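Chemist: Handing you this structure, nothing more for now.
The values are calculated or read from the model by the stated rules, or taken from the named source; none is laboratory data. From a predicted model like this one, the values you see are computed outputs, not experimental measurements. Cβ atoms come from the backbone with ideal geometry, glycine included; neighbour counts cover every protein chain shown.
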Amino acid sequence: MPRRLILIVALVVGLAAPAWAGFDEGTAAYFRGDYGTALSEWKPLAEEGDINAQLMLGFMYDEGAGVPRDAAEAVKWYRKAAEQGHADAQYILGFMYTMGWSGAQDYVQAHMWLTLAAAQRDEAARKFRDRVAKRMTPEQIAEAQRLAREWRTKAPPKPDMSLQVVQSYLKDLGYDPGPDDGVMGERTRRAIAGFKADMASAGTLSVYDGAILELIEGLPK
């Protein structure tokens with residue numbers, strides 16, 4: 001799994017998850033290594049349509065965290081979140097189809113999901129999609145683009161989850177990024193600039209501070 005996505009998942013578990021009602025019990029269990037309890041808490045939420053719980057179930061099956069590693073089950077939960085417009089789930093799904101981890105390698109599906117993630121200002125998804133496109137025929141690219149256009153008519157995009165994690169963390173530190181809405185407004189830009197300036201002058205960084213800085217670098221400029 002790409003490092004950026006591991007960071008997002010780790011920060012959701014360690015920082016942002018308590019902000020979502022019904023998610024915190026599973027988060028606490030996951031953080032202490034009690035994956036069975038995390039699974040029992042998150043699975044009902046995921047089945048009810050909670051996209052963050054769906055992402056975490058996908059991650060658990062993808063990594064074999066407390067459950068047998070199962071690519072098909074991981075894809076099932078990533079797809080549920082992706083179909084609701086979750087940009088990070090779309091990126092992961094595109095990556096898995098590219099690598100063939102979802103079963104058969106499918107560049108058309110990979111390109112489609114990466115295009116949808118890129119449309120939500122995900123620069124890493126755009127770059128990876130362009131790399132995938134070099135392996136495709138013009139006909140395959142045209143089909144992927146058609147599927148992406150068709151999908152967009154059915155589902156609206158969701159907020160940028162990685163930005164929501166950053167906003168939540170900065171708010172906890174006393175900065176003013178505005179609401180945790182996943183939108184890069186002026187208040188969020190100022191808060192990020194202030195945080196980066198403070199971290200540049202700090203002697204040492206916590207693990208979370210370093211991870212947030214890395215996540216910030218992956219946000220659209």
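Chemist: Can you tell me which residue is surrounded by the most Cβ atoms within 10 Å (Cβ to Cβ) among those in region 99-115 that are touching a Leu at 6+ places or on another chain (Cβ under 9 Å) and part of a helix (DSSP H, G or I)? Step through it out loud before you land on a result.
Modeler: In the first step, residues of region 99-115 are kept if they are touching a Leu at 6+ places or on another chain (Cβ under 9 Å); the result is 102, 108-115.
Next, from what is left, pick out any that are part of a helix (DSSP H, G or I): 108-115.
On the way: VAL108: 20, GLN109: 20, ALA110: 26, HIS111: 27, MET112: 25, TRP113: 32, LEU114: 30, THR115: 24.
Filtering region 99-115 for residues that are touching a Leu at 6+ places or on another chain (Cβ under 9 Å) and part of a helix (DSSP H, G or I), the one surrounded by the most Cβ atoms within 10 Å (Cβ to Cβ) comes out as TRP113.
Chemist: Now for a different question. Quick check on my filter: what residues within region 184-199 are surrounded by fewer than 15 Cβ atoms within 10 Å (Cβ to Cβ) and either hydrophobic (A, V, I, L, M, F, W, C) or not in a helix (DSSP H, G or I) (or both)?
Modeler: Correct list: GLY185, ALA193, ALA197.
Chemist: Looking at (1) under 13 Å from the mean Cα position of the chain (by Cα); (2) within 25 Å of GLY49 (Cα to Cα), which one does LYS76 not meet, given that it meets all the others?
Modeler: (1)
Chemist: If you don't mind, there's one more thing I want to ask. Given the conditions (1) of a type in the set (Lys, Arg); (2) within 20 Å of ILE212 (Cα to Cα); (3) buried (at least 21 other Cβ atoms within 10 Å of the Cβ), and given that ARG121 satisfies all but one, which numbered condition is not satisfied?
Modeler: Exception for ARG121: condition (3).
Chemist: Being at pLDDT 90 or above and either touching a strand residue (DSSP E or B) at 6+ places or on another chain (Cβ under 8 Å) or closer than 30 Å to ALA193 by Cβ (or both) is the filter here, so list the residues in region 136-170 that pass it.
Modeler: The one that is at pLDDT 90 or above and either touching a strand residue (DSSP E or B) at 6+ places or on another chain (Cβ under 8 Å) or closer than 30 Å to ALA193 by Cβ (or both): LEU170.
Chemist: Of these, ALA72, ALA87, which one is of a type in the set (A, V, I, L, M) and surrounded by fewer than 16 Cβ atoms within 10 Å (Cβ to Cβ)? If you could, list the steps in order and put the result at the bottom.
Modeler: Details: ALA87 fails: surrounded by fewer than 16 Cβ atoms within 10 Å (Cβ to Cβ).
Result of the check over ALA72, ALA87: ALA72.
Chemist: Just to be sure I understand the filter: pairs with C-beta atoms under 7 Å, separated by 6 or more residues or on different chains, first member in region 22-46 and under 21 Å from VAL75 (Cβ atoms), second member of a type in the set (S, T, N, Q) and assigned to a helix (DSSP H, G or I). Which pairs pass?
Modeler: Within 7 Å, the pairs are ALA46/GLN54.
Chemist: OK, next. Consider region 176-190. How many of its residues are closer than 14 Å to VAL165 by Cβ and not hydrophobic (A, V, I, L, M, F, W, C)? Spell out the reasoning first.
Modeler: Taking region 176-190 as the starting set, the residues that turn out to be closer than 14 Å to VAL165 by Cβ are 177, 179-184, 188.
Subsequent filtering for residues that are not hydrophobic (A, V, I, L, M, F, W, C) retains 177, 179-182, 188.
Residues that pass the stated criteria total 6.
Chemist: Let me ask something else about it. Just the residues that are of a type outside the set (A, V, I, L, M) and either at pLDDT 90 or above or in a loop (DSSP other than H, G, I, E, B) (or both), please, taken from region 63-75. Before you say what the answer is, go through the steps one by one.
Modeler: Step one: filter region 63-75 for residues of a type outside the set (A, V, I, L, M), giving 63-64, 66, 68-70, 73.
Matches in region 63-75: GLY64, GLY66, PRO68, ARG69, ASP70, GLU73.
Chemist: Please go through region 200-221 and pick out each residue that is in a loop (DSSP other than H, G, I, E, B) and closer than 20 Å to VAL183 by Cα.
Modeler: First pass over region 200-221, keeping only residues in a loop (DSSP other than H, G, I, E, B): 202-206, 218-221.
GLY218, LEU219, PRO220, LYS221 - these are the residues of region 200-221 that are in a loop (DSSP other than H, G, I, E, B) and closer than 20 Å to VAL183 by Cα.
Chemist: Which count do you get for residues in region 32-62 that are hydroxyl-bearing (Ser, Thr, Tyr) and either within 18 Å of the chain's Cα centre (by Cα) or modelled with pLDDT under 90 (or both)? So that I can check it myself, show each step before the final result.
Modeler: First pass over region 32-62, keeping only residues hydroxyl-bearing (Ser, Thr, Tyr): 35, 37, 40, 61.
If we keep only those that are either within 18 Å of the chain's Cα centre (by Cα) or modelled with pLDDT under 90 (or both) as well, we get 61.
The total comes to 1.
Chemist: If you don't mind, another one. Could you please find all residues in region 97-123 being of a type in the set (A, V, I, L, M, F, W, C) and touching a helix residue (DSSP H, G or I) at 6+ places or on another chain (Cβ under 6 Å)? It would help to see each step written out before you state the result.
Modeler: The first filter runs over region 97-123 and keeps only residues of a type in the set (A, V, I, L, M, F, W, C), leaving 99, 101, 104, 108, 110, 112-114, 116-119.
Passing the criteria: TRP101, VAL108, ALA110, MET112, TRP113, LEU114, LEU116, ALA117, ALA118.
Chemist: Moving on to the next point. One residue is enough: does region 115-135 have a residue meeting the conditions basic (Lys, Arg), farther than 29 Å from ARG69 by Cα and free of Cβ contacts under 8 Å to residues at least 40 places away in the same chain?
Modeler: yes
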